[in-house]
Amino acid sequence: MAPDADAVCAYDVVVATGGARGSGTTAEIELDIVGSRGALKFQPLQASALDFQTGRQDTFQARARPKPRPKPPPFLSVQCP
């Protein structure tokens, strides 16, 4: 069954940064989700300067349209004389 053209997959992504000194980051963080219907790449997750700081829990919303399920490869049949 093909996905509805208007359907959107919604993901809530929760990231908990450790509490140890130096465990936070100011680096750019991106999220890729890979599944049976392909891969979805999202923009950087940072929404504010406080994201990914030591001891914080941050929640992000990501939305994407589903991709059609890939067709299985054709079956290969080999016959020996």
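No value in this document is a laboratory result; all are computed from the given coordinates. Please read all numbers here as calculations on a predicted model, not as lab measurements. A quick note on method: Cβ atoms are made from the backbone with ideal geometry, for glycine too, and the neighbour counts reach across all protein chains shown.
Could you order the peptides 21-32, 49-60 from most to least packed, using the average number of other C-beta atoms within 10 Å per residue? Walk me through the numbers before you get to the answer.
On the way: 21-32: 11.0, 49-60: 13.6.
Taking the mean over residues of other Cβ atoms within 10 Å, the ranking is 49-60, 21-32.
Got a sec? How would Val15, Val34 order by Cβ neighbour count within 10 Å, fewest to most?
Val34, Val15
Give me the number: length gained by fully extending Thr26 to Arg65, i.e. 0.36 nm times residue separation minus the C-alpha to C-alpha distance, one decimal in nm.
Separation in residues times 0.36 nm, less the Cα-Cα distance, equals 11.1 nm.
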